[in-house]
Amino acid sequence: MKKTFKGIDLVNLSITNKCILQCPSCPTGRQNFISQKALKYTPLDTCVKIFRKVLDIYGKQMFYLHIWNEPLIHPQLHEILAALNNFGHTAFASSNLNLKQDWEKLLNATALKVLVVSMSGYHQETYERGHRGGNVELVLNNLKEIGKYTRDSRTQVVLNFHQYKDNAEDAAILESLCNEYGIIFKPYLASLLQDHIHEDVVSGSPRWKQNSDAMELVLPRLKFQPFPFTNIDNVAPVPCHSQNHVLVLDYEGNICTCTHKGPEDPNRLGNFLAMTKEDIDKAKKVAPVCVECRKLGLHLEYAFACFFERPSKDSSETIALLKGSALSADFANKKIFVFGAGMSGGAVAPFLKHRGYLVQGFIDDDARKIGTLIHGLPVYAFSEVLANYPEAIIIDTIRSSPARKYVEDNPKNTGVSVYSAEDFLYTIVKNA
């Protein structure tokens with residue numbers, strides 16, 4: 001009998017309570033424009049206690065040091081990264097670069113594996129539309145300084161560029177600079193980040209439509225409309241991967257329900273350092289906001305809207321997919337495996353199983369997961385699937401699409417078909 005995997009995929013730890021910009025597309029930025037919070041942050045000794053307890057309960061983890069905040073303003077950032085490394089943990093951080101920093105020291109911090117830079121323009125006039133309150137000259141100078149160290153650094157630097165209707169020229173310039181500086185350039189469709197989604201779905205009145213920032217500064221620039229969150233019936237039994245396999249902590253060390261809800265009091269489940277693993281698991285399962293989220297089907301909408309690119313422009317098809325019940329004739333009797341037992345795959349696999357598809361399990365390279373069950377589905381190594389399921393359908397939920405290369409490197413497995421998650425999902429909508 002295979003054991004259920006009870007570990008986590010990552011830890012979201014917000015080491016500060018604020019961001020330094022007032023971006024109109026972001027709930028934190030919109031609130032900052034109205035009133036600025038005083039800076040508060042997680043003390044180093046508290047961080048150390050959290051790192052130790054996470055290691056004791058869950059093992060070595062990747063810590064995402066941001067949830068609606070700017071982590072690089074923490075006055076003891078370098079000490080935090082050193083402490084993470086001492087416990088064998090690693091870190092992922094996102095920044096808008098509107099600050100001074102010792103970039104050489106930061107990029108040589110052993111624990112920091114990825115630094116993501118958020119930008120929306122090269123020229124100040126364009127940049128400040130998306131990153132209100134920011135100084136693009138400072139950001140560009142920081143990028144240039146970072147470029148001195150990227151090729152010898154242990155840290156991968158990625159520039160996430162928010163694509164709007166009016167900034168294609170800026171994107172081309174920044175892509176060229178990234179190539180020069182050894183920075184990975186990743187454009188993606190800009191979106192309006194919504195808050196109070198639960199309340200809005202219940203009331204039937206999206207609150208962002210009454211927000212002048214959203215309506216006047218963001219909506220006219222978007223290539224596609226904001227995701228139309230709605231009530232999806234009959235999917236409450238589908239597990240929530242975030243609820244089961246992600247730990248979210250605010251700057252005070254309180255456990256929050258997930259990253260889709262802010263750290264308001266109703267969403268705090270208790271202090272991590274004062275709770276046992278059993279306490280934590282129970283609190284997440286019975287939290288009223290989590291129960292309501294699954295009842296409304298929002299746990300799946302969050303996953304599909306946030307982890308894939310196409311839902312932002314094909315939202316009507318996404319909703320049709322989540323609400324639909326008919327099976328696609330092309331795949332109804334096929335044995336399906338989902339590549340990636342993390343956040344994206346953890347939504348796709350149980351959803352397809354719930355809809356009646358013959359999902360056999362996950363494929364993953366994480367030794368902790370192989371041979372276990374996640375959401376009741378077994379986790380296999382890729383070699384096992386290729387050897388035993390020569391006509392498998394493999395759905396790749398990893399954006400870099402490694403599954404196809406695995407299959408191509410094994411030319412004998414000509415019967416295996418590989419689809420990106422997005423291509424597969426939209427194919428079954430059209431063929432159902």
* Scanning for something open to solvent by 40 Å² or more (accessible area, probe 1.4 Å), under 25 Å from PHE229 (Cβ atoms) and of a type in the set (Ser, Thr, Tyr), does the range 165-187 turn up at least one residue? -> no
* In the range 326-339, how many are touching a Gly at 6+ places or on another chain (Cβ under 8 Å) and either buried (at least 23 other Cβ atoms within 10 Å of the Cβ) or part of a strand (DSSP E or B) (or both)? -> 3
* Structure fact -> Scanning the range 158-174 for residues that are within 23 Å of the chain's Cα centre (by Cα) and assigned to a helix (DSSP H, G or I) gives ALA171
* **Residue count for the range 230-266, restricted to those that are out of contact with any Ser or Thr (no Cβ under 9 Å at 6 or more places or on another chain), at pLDDT 90 or above and not in a loop (DSSP other than H, G, I, E, B)** => 5
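Kindly provide the set of residues from the range 1-24 that are within 17 Å of the chain's Cα centre (by Cα) and either of a type in the set (Ser, Thr, Tyr) or part of a loop (DSSP other than H, G, I, E, B) (or both), ordered by number. Walk me through it before giving the result.
Residues of the range 1-24 that are within 17 Å of the chain's Cα centre (by Cα), as a first pass: 8-14.
Hits for the range 1-24 are ILE8, ASP9, SER14.
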* Go through the range 348-407 and tell me which strands (runs of 3 or more DSSP E), entirely inside it, have 2 or more residues that are open to solvent by 30 Å² or more (accessible area, probe 1.4 Å) and modelled with pLDDT of 90 or more. => 358-363
* Asked: Given the conditions (1) touching a residue at least 12 places away in the same chain (Cβ under 8 Å); (2) surrounded by fewer than 14 Cβ atoms within 10 Å (Cβ to Cβ); (3) closer than 28 Å to GLU125 by Cβ; (4) not aliphatic (A, V, I, L, M), which single one is not true for ASP233?
  -> (3)
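Considering ASP200, ASP213, which residue is surrounded by fewer than 20 Cβ atoms within 10 Å (Cβ to Cβ) and in contact with a Lys or Arg (Cβ under 6 Å, 6 or more places away or on another chain)? Show your work before the answer.
On the way: ASP213 fails: surrounded by fewer than 20 Cβ atoms within 10 Å (Cβ to Cβ).
After applying the criteria, what remains is ASP200.
Report yes if some residue within the range 338-360 is closer than 13 Å to PHE227 by Cβ and out of contact with any strand residue (DSSP E or B) (no Cβ under 9 Å at 6 or more places or on another chain); otherwise report no.
Within the range 338-360, none of the residues are closer than 13 Å to PHE227 by Cβ and out of contact with any strand residue (DSSP E or B) (no Cβ under 9 Å at 6 or more places or on another chain).
From TYR127, TYR188, which residue is closer than 24 Å to LEU222 by Cα, modelled with pLDDT under 95 and not charged (D, E, K, R)? Working first, answer last.
Working: TYR127 fails: modelled with pLDDT under 95.
Criteria check complete, one pass: TYR188.
Please report, ordered by residue number, the strands (runs of 3 or more DSSP E) entirely within the range 53-119 with at least 3 residues that are in contact with a helix residue (DSSP H, G or I) (Cβ under 9 Å, 6 or more places away or on another chain), open to solvent by less than 40 Å² (accessible area, probe 1.4 Å) and hydrophobic (A, V, I, L, M, F, W, C).
Working: elements: 62-64, 90-95, 112-119.
Where strands (runs of 3 or more DSSP E) fall fully within the range 53-119 and carry at least 3 residues being in contact with a helix residue (DSSP H, G or I) (Cβ under 9 Å, 6 or more places away or on another chain), open to solvent by less than 40 Å² (accessible area, probe 1.4 Å) and hydrophobic (A, V, I, L, M, F, W, C), they are 112-119.
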* Structure fact -> Of the residues in the range 199-250, those that are at positive phi and touching a helix residue (DSSP H, G or I) at 6+ places or on another chain (Cβ under 7 Å) number 0
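The values are calculated or read from the model by the stated rules, or taken from the named source; none is laboratory data. Being a predicted model, the structure only gives us computed values, none of them experimental. Please note: Cβ atoms are built from the backbone with ideal geometry, for glycine as well, and neighbour counts cover all protein chains shown. Keep in mind that these areas ignore ligands, DNA and RNA; they rest on the heavy atoms of the full protein, side chains included. Shrake-Rupley method; radii C 1.70, N 1.55, O 1.52, S 1.80 Å.
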